[in-house]
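Trainee: My questions all concern the structure below.
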Amino acid sequence: MDFSTYLLISIVYIPLNVFDLFIITRYMNTLYGPPQKGPYIKLLKIFIVLCASFLYAPYTALWGIAVLCIILLPFYNANKQKKFIFHITLVVLALTSLFTAFSLGESMALQDFYMGIFIIFLPHIIFFVICKLAGKVCAPTEVKLPYKMWLPLLAIPLISILGVAYISYLATHSSLSIEDTNMIQFPLLLMFLLVNIIVFYLYGKLSELVQKRVEGALFEQQLHLQEEHYQALINAHDQIRGIRHDMKNHLEAISILAGQHKDEEILRYLNDIVNQIEVSDNTIFTGNSGIDAILNLKLSEAIRKGISISKSILVPMTSQFHFQIVW
């Protein structure tokens, strides 16, 4: 192929690459949320289209533009784990769509002209349908998966790349006829497409499972803190009731000591009573059960360890607090 022919084909590929870029950005927006606004992302999109058109065309334009779109990932706020696995899967889908179109075209035994048109347009149509389906089956979530869940999912697109490459090698080096080769590779390519679509579904379901586990752990922790808080209130109430019960005896004892003019013993006796009252007054009550539970738990620990505490807290009754557990 001479340079002028290559240049002409590259120019023809520009609209297709614009279409592919539209597909991929829709894919990213669906899975990662809207990107950051700014002139740089627009310049990068132009750069991607031109590179895919003049450096990759006409051989690997589809999966080449999928690879180049990795430079757009920093503009999305999704977690790195999610972007990494979904972009590798995107490249697999582009690569598999290309080989699936080739296999289907060869099995139809079309004339060269129609075969060329078929091969040029069909991969992009398959890619569009697959990317739309991927966005539909994946639940929107930003939960970070534990590595024991994430790594097996990541293995699926990585193994798929090796599988598609091996199928391509067999197709070009096999002694079988084209018809027999297509009968083998076409079902395998469809299987790779389906398996990688399942990655999105599994990621969404595993994220929901992890989210439920996080919420369950948070609920159990909050329940435990509230139980300790209520127990502290019960203990404080019992102490106050005991002090009230003994108050009459205390007053009578003070009256006797006063009649005997034993001022020092009266002071010591009053100090003992004050200390008992301070112990019963250590419980914090703000009106927010979650805050009360946490503060009283830490206050009790500090008192047991002999740590001096000075407390003063003011919490609006309408305040809302959000908690997050990191796995």
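The values are calculated or read from the model by the stated rules, or taken from the named source; none is laboratory data. Everything numeric in this text was worked out from a predicted model, so none of it was measured. Positions of Cβ are generated from backbone atoms using ideal geometry, with glycine treated the same way; all protein chains shown enter the neighbour counts. Calculation scope for accessible area: heavy atoms of the full protein, side chains included, ligands and nucleic acids excluded. Shrake-Rupley method; radii C 1.70, N 1.55, O 1.52, S 1.80 Å.
Trainee: Give me the pairs, please: first residue somewhere in segment 1-29 and more than 17 Å from Phe54 (Cβ to Cβ), second residue anywhere and open to solvent by 60 Å² or more (accessible area, probe 1.4 Å) and modelled with pLDDT of 75 or more, beta-carbon distance under 6 Å, and either six or more positions apart or on two chains.
Mentor: Ile23/Phe128
Trainee: Restricting attention to segment 248-255, does a residue exist that is closer than 30 Å to Thr141 by Cα and either open to solvent by 50 Å² or more (accessible area, probe 1.4 Å) or at pLDDT 75 or above (or both)? Write out each step before concluding.
Mentor: Step one: of segment 248-255, the residues closer than 30 Å to Thr141 by Cα are none.
There is no residue in segment 248-255 that is closer than 30 Å to Thr141 by Cα and either open to solvent by 50 Å² or more (accessible area, probe 1.4 Å) or at pLDDT 75 or above (or both).
Trainee: Determine, yes or no, whether Leu151 is in a helix (DSSP H, G or I), over 23 Å from Asn77 (Cα atoms) and open to solvent by 20 Å² or more (accessible area, probe 1.4 Å).
Mentor: In short, no.
Trainee: Oh, and also: In segment 1-39, which residues are open to solvent by 90 Å² or more (accessible area, probe 1.4 Å) and at pLDDT 85 or above?
Mentor: Selection gives Phe22, Arg26, Pro34.
Trainee: Return the total of residues in segment 1-39 being among the basic types (Lys, Arg) and over 20 Å from Thr89 (Cβ atoms).
Mentor: Going through segment 1-39 one residue at a time, the tally reaches 1.
Trainee: Continuing with this model, one more query. Can you tell me which residue in segment 104-135 is nearest to Ile184 (Cα to Cα), limited to those that are among the aromatic types (Phe, Trp, Tyr) and open to solvent by 30 Å² or more (accessible area, probe 1.4 Å)?
Mentor: So the residue we want is Phe118.
Trainee: Determine whether segment 59-80 contains at least one residue that is among the charged types (D, E, K, R) and either under 16 Å from Arg26 (Cβ atoms) or open to solvent by less than 10 Å² (accessible area, probe 1.4 Å) (or both). Talk me through it step by step, then tell me what you get.
Mentor: Narrowing segment 59-80 to residues among the charged types (D, E, K, R): 80.
Among the residues that remain, those that are also either under 16 Å from Arg26 (Cβ atoms) or open to solvent by less than 10 Å² (accessible area, probe 1.4 Å) (or both) are: none.
No; the residues of segment 59-80 include none that is among the charged types (D, E, K, R) and either under 16 Å from Arg26 (Cβ atoms) or open to solvent by less than 10 Å² (accessible area, probe 1.4 Å) (or both).
Trainee: Give me the pairs: first residue in segment 143-159 and more than 14 Å from Ile88 (Cα to Cα) and modelled with pLDDT of 85 or more, second residue outside any helix (DSSP H, G or I) and aliphatic (A, V, I, L, M), beta-carbon distance under 8 Å, and six or more apart or on different chains, which are they?
Mentor: Partner pairs satisfying both residue conditions: none exist.
Trainee: Is at least one residue of segment 181-193 within 23 Å of the chain's Cα centre (by Cα), under 29 Å from Arg26 (Cβ atoms) and open to solvent by less than 20 Å² (accessible area, probe 1.4 Å)?
Mentor: No: zero hits.
Trainee: If you don't mind, another one. Just one of Ile70, Ile88 is free of Cβ contacts under 8 Å to residues at least 60 places away in the same chain and among the hydrophobic types (A, V, I, L, M, F, W, C); which is it?
Mentor: Ile70
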